[in-house]
Amino acid sequence: MDMSGERRIPAPRERVWAALNDPAVLKASIPGCETMEKLSDTELKATASVKIGPISAKFAGKVNLLDLDPPNGYRIEGEGQGGVAGFAKGGASVRLTAEGRETILAYDVQANVGGKIAQLGARLIDATAKQMADAFFDRFAALVGTAEGE
């Protein structure tokens, strides 16, 4: 599955960059995220409960931040195990562009799933991934855009 897009975040680029590296903001933004722990400046550990069609699973995994270019962007790669439901792994390139007092966040995502989840079909998986991405960016923009310090 590949997905790309852009979102306008109502906050300065430096604030958006800081939020993309803040485990608390990420946990609050990711649908179904139950835990998010920073292991190092470039590694996070997380658990999330996800429902795709008839399958519900709790995924546990690690995420690595690569090619850091503060405050312009990075590459994020991760893999999660969902027990009998299967696995998910993938990555995303994130680019931040300042536009006045706002930030344009552009992303390109590549992901693969396996196990029972993969049997659900690409259309359902893609639709669920798009819904989750939209929910993430809506929550993220709301959290970062309402932060103090403007």
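Accessible area of the chain with a 1.4 Å probe: how many percent of it is carbon plus sulfur?
Carbon and sulfur: 53 percent of the exposed surface of the chain.
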Problem set entry | Proximal aspartates and glutamates relative to residue 27, as straight alpha-carbon distance under 13 Å, when same-chain residues fewer than 8 apart are discounted | 37
Exercise. Got a sec to turn the phi values of region 86-103 into Karplus ³J(HN,Hα) couplings, 6.51 cos²θ - 1.76 cosθ + 1.60 with θ = phi - 60°, whole Hz, x for Gly and Pro?
Worked result: x, 9, 9, 8, x, x, 8, 9, 10, 10, 10, 10, 6, 9, x, 8, 10, 10
For this session: Evaluate 2.2 N^0.38 Å with N set to the residue count of region 67-150, then give the Cα radius of gyration divided by it.
Result: 1.33
Exercise. For the chain, what is the accessible area per residue in Å² when the probe is 1.4 Å?
Worked result: 54
Exercise. Over the alpha carbons of region 1-139, what is the largest minus smallest coordinate on each principal axis, giving the biggest first in Å?
Worked result: 45, 31, 23
Exercise. Residues of region 1-30 with amide nitrogen under 20 Å from the 7 Å Cα-to-Cβ point of residue 93?
Worked result: 1-8, 17, 20-21
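The values are calculated or read from the model by the stated rules, or taken from the named source; none is laboratory data. The structure displayed is predicted, hence computed values, not measured ones. Neighbour counts run over all protein chains shown; Cβ positions are idealised from the backbone, glycine included. Note: accessible area is taken over every heavy atom of the protein model, side chains too, but ligands, DNA and RNA are not part of it. Shrake-Rupley method; radii C 1.70, N 1.55, O 1.52, S 1.80 Å.
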